[in-house]
Structure formats: structure tokens, C-alpha cells
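> Below is the structure I would like to discuss, written out as C-alpha cells.
The values are calculated or read from the model by the stated rules, or taken from the named source; none is laboratory data. Model, not experiment: these values are computed from the prediction. Cβ: placed from backbone, ideal geometry, glycine included. Neighbour counts: every protein chain shown.
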Amino acid sequence: MPRFIRGTSTLRYPYELSPHIEGTTPQNPFCVADRDAENIIAVYMMSSRFDGPIYTGVTKNLVRRVGQHKMGEGARFTTKYSCTSLIWWERHWSLVEANQRERRIKKWPRQWKVNLIEAENPEWRDLWRGLF
């Protein structure tokens with residue numbers, strides 16, 4: 001949520017990324033290469049294959065949580081259906097906001113979720129490596 005810095009008319013976002021940090025630009029504010037890379041609040045979806053089961057979750061630490069899913073230590077659903085590919089994620093600035101978004105997405109029909117995934121990741125590539 002944007003807020004004004006006291007004594008200025010500058011609108012800032014919490015955890016604003018510094019331009020001197022490698023990999024961060026105003027065009028790519030969600031790049032994970034910033035100093036808080038492990039503290040990414042995110043809603044994410046995982047799957048085992050194209051058109052396979054889709055797991056939707058929320059976390060305060062995206063890197064750690066996806067690693068847990070890949071090791072089989074995540075939710076029972078992801079272990080049972082081998083959902084080890086991170087196919088979509090969305091960064092949030094507060095956990096409350098992320099939880100609300102996750103609850104909304106979980107109520108969606110499957111096709112809406114597929115449309116959301118394919119808008120950004122049409123090949124359903126594993127986005128895990130892009131987090132580093």
C-alpha cells in the first residue's frame with residue numbers, strides 16, 4: 001500500500017527497491033534479487049504437469065516454502081499429487097492482503113486459474129530457478 005514520506009510529497013511503497021541493487025529496476029519491481037529475497041510475501045500456485053492438479057498457497061518466505069514443496073515437506077496435497085513445479089506467483093506487501101487473495105483464488109473455477117497461469121507462463125515452466 002503506497003504511503004507518503006513525512007515532510008515530502010513523494011509517494012513511496014513499503015520495501016521500495018533501491019535502484020543500485022542488481023536486478024531491480026522500476027520496470028521490474030518484483031525482481032527477487034533484492035536484499036529481502038527470502039522474505040517475499042506471496043500467493044503462489046504449484047503443479048506437477050500441464051493440466052495437472054493445481055495447488056494454491058500463501059507464504060511469508062517464498063524461496064523456503066517452494067523448497068519445502070520440492071523436498072516433499074510441504075502440504076499433504078502437494079506431496080500426494082507431486083506438485084513440485086512453481087507455475088505462478090504474485091508478490092504482496094502484507095500477509096493480510098495475500099491471505100485474502102489466496103482465499104479468492106481458491107474459490108475460482110479451475111479454468112480461471114489456468115487463464116491466470118497462462119497469461120504469464122503459457123508453457124507452464126517451473127519458475128523456481130527465476131527466484132535466484
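> Applying the selection to the range 83-119, what residues are farther than 12 Å from Ile54 by Cβ, part of a loop (DSSP other than H, G, I, E, B) and not β-branched (Val, Ile, Thr)?
Trp93, Ser94, listed by residue number.
> Quick check, is Ala75 hydrophobic (A, V, I, L, M, F, W, C), touching a Gly at 6+ places or on another chain (Cβ under 9 Å) and farther than 11 Å from Tyr44 by Cα?
When the stated conditions are applied, Ala75 passes them.
> Can you run down the residue pairs with Cβ atoms below 8 Å, 6 or more apart or on separate chains, where the first is in the range 44-69 and assigned by TED's automatic domain parsing to the domain that holds Lys80 and over 16 Å from Pro109 (Cα atoms) and the partner is at pLDDT 90 or above and loosely packed, with under 15 Cβ neighbours inside 10 Å?
Taking only residues 6 or more apart or on different chains, the pairs are Val58/Leu95; Val58/Asn99; Lys60/Leu95.
> Scanning the range 68-85 for residues that are among the small types (Gly, Ala, Ser) and at pLDDT below 90, which turns out surrounded by the fewest Cβ atoms within 10 Å (Cβ to Cβ)? Break it down into steps so the answer makes sense when it comes.
Here is the first cut: in the range 68-85, the residues among the small types (Gly, Ala, Ser) are 72, 74-75, 82, 85.
Now narrow it down to the ones that are at pLDDT below 90: 72, 74-75, 82.
Numbers: Gly72: 10, Gly74: 20, Ala75: 15, Ser82: 15.
The qualifying residue surrounded by the fewest Cβ atoms within 10 Å (Cβ to Cβ) is Gly72.
> Of the residues in the range 38-70, how many are out of contact with any strand residue (DSSP E or B) (no Cβ under 8 Å at 6 or more places or on another chain) and either part of a strand (DSSP E or B) or on the phi < 0 side of the Ramachandran plot (or both)?
The number of residues fulfilling the criteria is 10.
> Taking the stated definitions as given, is Trp93 at pLDDT 95 or above, farther than 13 Å from Met46 by Cα and among the hydrophobic types (A, V, I, L, M, F, W, C)?
So Trp93 fails the test.
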